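All remarks here apply to the structure that follows.
Bear in mind these aren't lab numbers, they're just calculated from the coordinates by the rules spelled out. Given the structure is predicted, the values throughout are model-derived calculations rather than measurements. When we count neighbours, we look across all protein chains shown, and the Cβ atoms used for this are built from the backbone with ideal geometry, even at glycine.
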Amino acid sequence: MSKDVEKHLSLNVSLPSGSKKRSRKSRSSKHKESVHTQKPAEIEAPQHETIPAQVVAPDYDVEEAQEVVFKPNDGPQTTFLSSSEREVLYGGAAGGGKSYAMLADPLHGLNNPHFSGLLVRHTTEELRELIQKSQELYPRAVPGIKWSERKSQWISPKGGRLWMSYLDKDTDVTRYQGQAFNWIGFDELTQWPTPYAWDYMRSRLRSTYSKELGLYMRATTNPGGAGHAWVKKMFIDPAAAGKPFWATDIESGKTIKFPKGHSKEGQPLFKRRFIPASLFDNPYLAEEGDYEAMLLSLPEHQRKQLLEGNWDISEGAAFPEFDRATHVIEQFDVPNNWVRFRACDYGYGSYTGVLWFTIAPDEQLIVYREMYVSKVTASDLADMILEVEAKDGGMRYGVLDSSLWHNRGDTGPSLAEQMNMKGCRWRPSDRSRGSRIAGKNEIHRRLKVDDFLEKPMLVFMNNCVNTIAQIPSIPLDKKNPEDVDTKAEDHLYDALRYGIMTRPRSNIWDYNPAKQRTGFQASDTTFGY
Ligand SMILES: Nc1ncnc2c1ncn2[C@@H]1O[C@H](COP(=O)(O)OP(=O)(O)OP(=O)(O)O)[C@@H](O)[C@H]1O
Ligand SMILES: [Mg+2]
């Protein structure tokens, strides 16, 4: 490609610059940011460098020179296009400009002869639509670029390639066997019911030019759809929106690390990031208003997903009122004089969930810490709990699943007694008939925004990521809609229920300042602590 063509490309596309290095010329110029290809350098996957700047800075005014073909909308579209993490999901409201941004993202590399990209949709029909959009955008953004219908591929004059294809059934991945890409995009990721295709394609992400080009997997999607649950676990649950995080295993929630014996043993593998989208980020659709009106007319759970981009709404959810904006607060240091207690649902083979609660002066209950572990013996759990709460300055009491007092046929102390003997003191939860439903109702009552205080009486600090992920996704029991489905992942929910039921909302008539400084009954008469 001649220098002229290269310059032309840089003038046609206005992509975000992020923190990329710019040439002196471009730094001094005031015109609109022009192309770019480089992703910011501050967040790096451990094993690869970010791409060096390769773009020719314009030496005359872009806008005067010609129309800018593509300029990202301010906000998430810009953030998406300048993200440097290995795997990024741009997801949320319909019409936010996600697919358009997905098409624009590979433009950063097409000018490089070694660039090899793959953009997939779930089926061939959906792919057509995306190809049509690319046919409007690419020839203007990359002059001289050619579309090969036979290969379903874009080839830039410099040799960079982008294959636009489909990936429907799991067996379709064989189409990509033996191929190597440095950029892979999935449009509408939740259309894939399992993470199989996404995980498989990660193995196709390699390039001998990765230092120069970077290695990127990009996805866009609306909430809802067959793959809602796994996509939420992979991208939304592990960290606050917009914040890069080390990739976790979606089942265990643990950071994925290089295995034993590897030269990088124990180091995290790569970073992920979720960038939320809203219809209002996209002036091209938001201003018209008709589209918003159409979304407003949808049933509530669909409206929350498609208009508000809300990931916590799934049909049949037991706690549809749970809302991150209302029920999740920034972590802060709990003042020493606030009462604290903890609750636990124990499971060795499955999971153990422990929650720590504190009571604010206005009686709001705040879950300030969680522990979610698997395969930990009762005795080790006691040590772990005592260690994390060493600086808490005293726990008023702890409540534990009452079945842990049962002897399991063997001699010796029960699991609860083993923990009590270590100094990790517990009293048994209420397991009487009706206690499950009473507990659920109490959680609803506390999640409701109090008319007088204008806030809910139960909130979670944002470090309690597993709890925040699980509570809104617990389904109702289809046979008994009064209760949650006990087959769902419910250990943290049970811990929450045990904790909350030790301290039902205080009633002014119970209040006895001499006996109950904070207006609740903390001790258990049977067990005395
Ligand atoms: N930066 C931009 N410049 C010009 N037009 C844009 C830009 N971003 C979005 N648009 C326009 O907005 C329309 C909607 O965007 P897009 O189809 O990308 O949204 P989406 O988030 O993928 O929607 P859906 O959730 O329905 O898939 C596009 O057809 C495109 O014309
Ligand atoms: Mg789209």
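Taking the Cβ of G266 as the centre, find all other residues whose Cβ is under 14 Å away and add up their charges (Lys, Arg: +1; Asp, Glu: -1).
Counting the neighbours of G266, the net charge comes to +3.
Can you give the net charge of the other residues whose Cβ lies under 10 Å from the Cβ of I155, counting K and R as +1 and D and E as -1?
+4
State the volume of the convex hull built on the alpha-carbon positions of segment 247-399, expressed per residue in Å³ and rounded to an integer.
It comes to 203 Å³ per residue, whole-number rounded.
Within a Cβ distance under 13 Å of P195, other residues only, what is the Lys/Arg minus Asp/Glu net charge?
Within the 13 Å Cβ shell, the charges total -1.
If you average the alpha carbon positions of segment 103-129 and of segment 261-331, how far apart do those two centres end up, in angstrom?
For segment 103-129 versus segment 261-331, the Cα centre distance is 24 Å.
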